[in-house]
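Just below is one structure, and these are the notes that go with it.
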Amino acid sequence: MALIEIKHAIKTYVTGDDSFNALDDVSLSVEEGEFVAIMGASGSGKSTCMNMLGTLDKPNSGSYYLDGIDVLNLSSEKLADIRNLKIGFVFQGFNLISRTTALENVELPMIYKGIPPEERKKRAREMLKVVGLEQREDHMPNQMSGGQQQRVAIARALVNDAPIILADEPTGNLDTKTSIEIMEFFVNLNKQTGKTIILVTHEPDIAEYCKRIVRFKDGKIISDQSKEEWIKNKQQ
Amino acid sequence: MIDFSSTLKMALNSLKVNKMRSALTSLGIIIGVSAVIIMLAIGTGASEKVQKNMESMGSNILTVRSASAKSGGVRMGVGTKPSLTDSDAKAIARNIEGLDAVAVLSSENKQLMYGNQNWSSTIYGISPQYLYIKNYEIEYGRSFTPDDLQNYAKVALIGSTVANELFGDLNPINKTIRIGNVPFKVIGVLKSKGASGPFDQDDLAMIPITTAQKKVFGTAFPGTVSQILVKGLDADSLDEVSNQIDALLRTRHKIGRTQTKDFEIRNSAEFQEKMKSTVNTFAVLLASIASVSLLVGGIGIMNIMLVSVTERTKEIGIRMAIGARASDIRWQFLIESFLLSMIGGLIGVVTGIIGAESVRLFSADLTPSISISSIFLSLGFSALVGIGFGYYPAHKASLLNPIDALRYE
């Protein structure tokens with residue numbers, strides 16, 4: 001079985017008398033070590049799909065197996081553990097906890113994992129070094145640039161050694177130069193550690209860093225290709 | 001599962017972030033705890049004072065007085081009809097078991113004179129046991145001897161008020177004073193007992209009962225006394241002793257069981273019990289009023305914690321996304337409100353102690369007494385308030401849906 005296995009997922013939102021399917025019979029499977037871009041315009045269902053992948057949201061019907069676990073039938077406490085151990089989130093708005101140092105932000109997932117304080121500090125420092133921020137461990141989020149904040153967020157996503165990284169528009173708030181740095185970091189991460197990375201974006205330039213491109217429209221997957229196929233199709 | 005010290009550190013951190021708000025929230029608890037401690041101290045102080053007063057008056061005492069006289073249909077006050085005698089007292093001492101001491105007393109107001117000073121005071125003609133029963137002690141000089149009583153000696157013990165008024169700084173011992181027109185030698189000064197209500201227990205002079213009957217009071221009924229005091233061994237046996245004295249005196253005075261008796265017996269223990277329970281009621285009332293302010297402080301904590309949960313919805317969402325369980329979130333907020341109330345409680349204990357001590361400066365009648373148990377009680381209560389009022393906001397935070405919380409701006 002694949003690392004991520006979604007079958008016939010339907011997510012319906014009801015507003016008054018209207019209802020629409022944010023996910024309309026979506027099936028997707030991702031193997032370990034893949035680097036996938038999920039593309040689409042806003043409202044295409046890509047964010048809803050991402051939230052479902054991250055176990056933050058549940059579809060109304062369908063099934064979702066993550067690493068062989070039927071996550072749709074887990075209690076909220078167990079889902080919290082899944083997010084803690086199997087998934088690292090990177091958000092568009094960085095989502096660091098304000099007035100908390102870079103080091104403490106990186107420590108946070110380990111606190112919830114139950115790792116003792118000394119080891120936590122050691123590993124958080126190592127992780128900050130990996131993202132090149134060893135000099136900034138005592139800085140608060142508002143004392144850092146967007147690129148630095150995103151790198152702290154990446155360190156936080158990696159620190160529990162989760163096999164899956166979910167990145168929701170990770171470069172959306174960053175300038176081009178910083179975006180390239182972040183994407184190159186992801187590429188290397190995927191290449192060197194074999195982590196599965198799933199990234200949501202609407203920018204083709206960013207999607208080009210990935211190995212596989214899945215495109216959403218109106219809650220449906222309209223194409224699922226390797227980067228080479230996608231580029232070829234685009235040029236035609 | 002998350003470890004306690006990390007939760008504690010996180011909670012302290014978020015309290016530090018909003019220093020002003022945390023301080024103001026704690027203020028409610030500070031005031032509440034201080035109020036409880038001050039009120040309990042005042043209450044305890046008052047009952048200790050009453051207890052001391054009671055002890056100074058003597059305990060487990062039955063007072064037998066002659067009943068009121070009837071003069072042409074007009075009834076006079078208690079003690080106006082002299083019906084009790086020395087021999088009644090001797091009979092009580094002889095016939096009734098389980099007594100600690102028996103004393104007799106007759107008293108009258110007389111003018112006291114020394115040199116050119118004079119002072120009106122109450123003269124107590126007593127048997128020596130009276131001093132023991134009423135807890136009077138000799139400050140200096142000596143007490144009455146059996147010889148003094150037998151020989152109708154003209155010797156007197158005086159209270160400290162009388163000593164001051166007549167002698168000022170002079171030593172009264174062996175000086176001769178006049179009571180009425182009779183000269184008495186001062187043989188001792190009583191230790192001060194202070195006031196009991198409006199009644200100054202030091203404004204008196206004591207002389208042997210025999211001398212009083214024969215040479216000072218000049219009663220028409222020789223051998224009578226106005227009171228017989230009986231001290232029982234303990235408070236529980238007083239009722240039984242009282243019944244026995246009643247029966248004995250009825251026999252001696254030839255009064256049938258249904259007839260109106262010419263004496264009455266009062267039990268001091270009953271009065272003391274009543275007094276104590278009144279003071280205790282008063283203390284409980286004070287403390288309950290104070291604890292209302294602690295409750296209001298708790299509502300303040302709940303209010304601020306609810307604001308805090310709403311304000312930090314996004315933070316809660318982030319924590320849930322990176323693996324915080326609902327219970328972790330609940331603990332975090334619960335510990336925050338617990339810390340708020342405990343910090344408030346500890347500061348409140350300090351300000352409460354300072355407050356209780358400074359109450360003395362405002363009123364000499366209040367003698368606050370802080371007990372360790374009142375400190376633990378108010379601290380425990382404030383901890384309960386913190387947990388009780390913190391639970392709802394904490395629970396509310398833990399119920400947030402992670403995706404909604406993350407999107408919250």
When you scan region B:287-296, do you find a residue that is among the polar types (S, T, N, Q) and within 14 Å of chain A (Cβ to nearest Cβ), even just one? no
Filtered residue count, region B:370-394, keeping only those that are open to solvent by less than 60 Å² (accessible area, probe 1.4 Å) and either aromatic (Phe, Trp, Tyr) or part of a helix (DSSP H, G or I) (or both): 14
Residues of region B:109-123 being of a type outside the set (D, E, K, R) and open to solvent by 30 Å² or more (accessible area, probe 1.4 Å), which ones? B:Asn109, B:Gln111, B:Met113, B:Tyr114, B:Gly115, B:Asn116, B:Gln117, B:Asn118, B:Trp119, B:Ser120, B:Thr122
Please work out if B:Met305 is surrounded by 22 or more Cβ atoms within 10 Å (Cβ to Cβ) and within 14 Å of chain A (Cβ to nearest Cβ). no
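For (1) at the interface with chain B (Cβ under 10 Å from one of its Cβ atoms); (2) touching a residue at least 12 places away in the same chain (Cβ under 8 Å); (3) closer than 30 Å to B:Glu311 by Cβ; (4) in contact with a Phe, Trp or Tyr (Cβ under 8 Å, 6 or more places away or on another chain), each residue gets a yes or a no:
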{"residue": "A:Asp17", "(1), (2), (3), (4)": "no, no, no, no"}
{"residue": "A:Glu31", "(1), (2), (3), (4)": "no, yes, no, no"}
{"residue": "A:Gly40", "(1), (2), (3), (4)": "no, yes, no, yes"}
{"residue": "A:Gly45", "(1), (2), (3), (4)": "no, yes, no, yes"}
{"residue": "A:Val71", "(1), (2), (3), (4)": "no, yes, no, yes"}
{"residue": "A:Thr100", "(1), (2), (3), (4)": "yes, yes, yes, no"}
{"residue": "A:Val106", "(1), (2), (3), (4)": "no, yes, yes, no"}
What pairs come out if I take residues in region A:50-65 that are facing another protein chain (nearest Cβ under 9 Å) and small (Gly, Ala, Ser) and pair them with residues that are in a strand (DSSP E or B) and buried (at least 20 other Cβ atoms within 10 Å of the Cβ) whose C-beta lies under 8 Å away, six or more apart or interchain? A:Gly54/A:Ile87; A:Gly54/A:Phe89; A:Gly54/A:Leu166
Suppose we filter B:Pro172, B:Pro198, B:Pro222 for residues that are farther than 30 Å from B:Arg94 by Cα and open to solvent by 50 Å² or more (accessible area, probe 1.4 Å); which single one remains? B:Pro198
Taking A:Asp57 as the residue in question, decide whether it is touching a Ser or Thr at 6+ places or on another chain (Cβ under 9 Å), closer than 25 Å to A:Glu203 by Cα and acidic (Asp, Glu). yes
Is it the case, given these coordinates, that A:Pro117 is within 9 Å of chain B (Cβ to nearest Cβ) and free of Cβ contacts under 8 Å to residues at least 24 places away in the same chain? yes
Is it true that A:Asp224 is assigned to a helix (DSSP H, G or I), surrounded by fewer than 22 Cβ atoms within 10 Å (Cβ to Cβ), of a type in the set (D, E, K, R) and on the phi < 0 side of the Ramachandran plot? no
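Residue by residue, here is whether (1) in a loop (DSSP other than H, G, I, E, B); (2) away from chain A (no Cβ under 14 Å); (3) surrounded by 16 or more Cβ atoms within 10 Å (Cβ to Cβ); (4) among the polar types (S, T, N, Q) holds:
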site	(1), (2), (3), (4)
B:Ala324	yes, no, yes, no
B:Leu334	no, yes, yes, no
B:Thr351	no, yes, yes, yes
B:Glu357	no, yes, no, no
B:Arg360	no, yes, no, no
B:Pro368	yes, yes, yes, no
Could you tell me which numbered condition A:Leu128 fails, if it satisfies all but one of (1) within 14 Å of chain B (Cβ to nearest Cβ); (2) free of Cβ contacts under 8 Å to residues at least 40 places away in the same chain; (3) under 30 Å from A:Glu203 (Cβ atoms)? (1)
Is it true that some residue in region A:146-165 is open to solvent by 40 Å² or more (accessible area, probe 1.4 Å), away from chain B (no Cβ under 14 Å) and assigned to a helix (DSSP H, G or I)? yes
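The values are calculated or read from the model by the stated rules, or taken from the named source; none is laboratory data. Note that the structure is a prediction, hence the values are computed from the model and not measured. As a convention, Cβ positions derive from the backbone with ideal geometry for all residues, glycine included, and neighbour counts pool all protein chains shown. Protein only, heavy atoms only, side chains kept; ligands, DNA and RNA dropped before computing areas. Shrake-Rupley method; radii C 1.70, N 1.55, O 1.52, S 1.80 Å.
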